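Notes follow the structure.
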Amino acid sequence: MSPTHKCRKPSSGANRAKNVKMSRGLVRIIAGEHRGRRLPVLVHEGLRPTGDRVKETLFNWLMSSINQATCLDMFAGSGSLGIEALSRGAAHIVFIENDRVVAQQISDNLATLRETDKADVVNASALSHEFTSAAIKQFDIVFIDPPFGKEMVANSIDRLVSENMLAQNAYVYIETSHNDSYDLPAQFCLLKELKTSQVNARLYQLAAN
């Protein structure tokens, strides 16, 4: 993993950008092996794929760390973040999705891309004991993009830390609405931040012991 970087303080109004609207029912892979591919997603209540502008910025932040990384897409939804990571060279992705039909769509899209050998799709709640990281002990990169307004971020971080799921210097990406707030333990350092009209996107790194 990359060395620990200098932490930042969350801002309240800097780095604003406009979201790029995606075609209804489709997500686009921006770069990598599957660049330009468009994959179907369900039009489903609460399903909110990360917009292209935010996704592109996130993977620019992770450019030097994504290759051969082991990743967890903790509230996978469309699977857009995990699939983008695979396209850009990640070694393995674990997708956690509570809705059975939505989880099946992720599996179908992975089959279409012939990437099933590099991924596990777990139909379970990311905050329940149905999901375990026993097969993959630790993750280099974790994507946390939970349903808005549910205050799930702190519980997600607690689980990652208490069950020792994070590799040394692991990166944690968190995407929330402007109305959602959370506090992270002191060992998480804010590296990057982007605010759009709809979301707060932040990249943290776990400080080295």
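What the table below lists for this structure:
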read-out	value
Restricting the range 23-38 to residues that are assigned to a loop (DSSP other than H, G, I, E, B) and open to solvent by 80 Å² or more (accessible area, probe 1.4 Å), the residue that is modelled with the lowest pLDDT	24
Qualifying residue in the range 151-159 (condition: open to solvent by 30 Å² or more (accessible area, probe 1.4 Å), more than 23 Å from residue 49 (Cα to Cα) and not in a strand (DSSP E or B))	yes
The lone exception for residue 186 - which of (1) open to solvent by 10 Å² or more (accessible area, probe 1.4 Å); (2) within 17 Å of the chain's Cα centre (by Cα); (3) among the aliphatic types (A, V, I, L, M) it fails	(2)
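Results for (1) modelled with pLDDT of 95 or more; (2) touching a helix residue (DSSP H, G or I) at 6+ places or on another chain (Cβ under 9 Å); (3) in a helix (DSSP H, G or I); (4) not small (Gly, Ala, Ser), shown as yes or no for each residue.
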residue: 3; (1), (2), (3), (4): no, no, no, yes
residue: 10; (1), (2), (3), (4): no, no, no, yes
residue: 21; (1), (2), (3), (4): no, yes, no, yes
residue: 45; (1), (2), (3), (4): no, no, no, yes
residue: 55; (1), (2), (3), (4): no, yes, yes, yes
residue: 60; (1), (2), (3), (4): yes, no, yes, yes
residue: 72; (1), (2), (3), (4): yes, yes, no, yes
residue: 76; (1), (2), (3), (4): no, yes, no, no
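Yes/no matrix, rows are residues, columns are (1) in a strand (DSSP E or B); (2) touching a residue at least 24 places away in the same chain (Cβ under 8 Å); (3) open to solvent by 10 Å² or more (accessible area, probe 1.4 Å); (4) at negative phi:
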{"position": "161", "(1), (2), (3), (4)": "no, yes, yes, yes"}
{"position": "169", "(1), (2), (3), (4)": "yes, yes, yes, no"}
{"position": "173", "(1), (2), (3), (4)": "yes, yes, no, yes"}
{"position": "182", "(1), (2), (3), (4)": "no, yes, yes, yes"}
{"position": "192", "(1), (2), (3), (4)": "yes, yes, yes, yes"}
{"position": "202", "(1), (2), (3), (4)": "yes, yes, yes, yes"}
{"position": "208", "(1), (2), (3), (4)": "no, yes, yes, yes"}
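The values are calculated or read from the model by the stated rules, or taken from the named source; none is laboratory data. All values derive from a computational prediction rather than experimental measurement. Positions of Cβ are backbone-derived with ideal geometry, glycine not excepted, and every protein chain shown enters the neighbour counts. Heavy atoms of the whole protein, side chains included, go into the accessibility calculation; ligands, DNA and RNA do not. Shrake-Rupley method; radii C 1.70, N 1.55, O 1.52, S 1.80 Å.
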